[in-house]
Amino acid sequence: MPPTAPDSALSVAESIRLLRSVPVGRIVFTENAAPALRPVTFAAIGGEVVIPTDDGWFERFDGEFLAFEAGGIDATTRIGWSVTAMGHATYVSFADALARFHARSAVPWSIQPGDGHLVIDMEYVTGRRVTLIRRPGDNR
C-alpha cells in the first residue's frame, strides 16, 4: 500500500459542512503586494464566513476580495481536509451586527459594544480531502 492516498475534491456542500465543524480559520490577503494570512475565530453562517472582531484593523478589508481557509488533520491517521472560500468582504459595525446577527443562534458569541464583524461572502468554495505522507520510519 502506498504511504498516502490520493487527494480528492470535496463537493461544495461537503466543503461548507466541514467549514462549519471548526472554530478557527485563516483570512488570506495581500500586505505590501505579498501574500499574508491571519488566524481568526469564525462561524460559517448561510453563505457567509463571519469573523467577530473588536479590532478596527479589519475595517480595511471592507469591499475587498479575500480568501478564507480552514481545515483539519487527524494526527493519528494523517487524513484531513482543507476548504477555501473566496469572496467580497463587508465590515459590519456594532449596530449593524446587532441587527444582522443577534437573533441568529448560529453566531456562537455574544455581540458587545465596540464589536464589529468582517463578513466574507462565499462566492467560490473549493475543498480537498488530504492525506499527509508518512515517510518510512516515521512512527508519529
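Computed from the coordinates by the stated procedures, all read-outs in this text should not be read as laboratory data. It should be emphasised that the depicted structure is a prediction, and the values quoted were computed from it without experimental measurement. Counting neighbours? That spans all protein chains shown, and the Cβs are built from the backbone with ideal geometry, glycine included.
What the table below lists for this structure:
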quantity: Where labels lie 7 Å past Cα in the beta-carbon direction, separation of residue 7 and residue 73 in nm; calculated: 1.2
quantity: Environment charge of residue 26, counting only residues whose C-beta is closer than 15 Å and scoring Lys/Arg +1, Asp/Glu -1; calculated: -1
quantity: The range 40-82: relative contact order in percent, alpha carbon pairs under 8 Å with at least 6 residues between; calculated: 20
quantity: Length-normalised contact order of the range 1-93 in % [C-alpha pairs under 8 Å, at least 6 apart]; calculated: 25
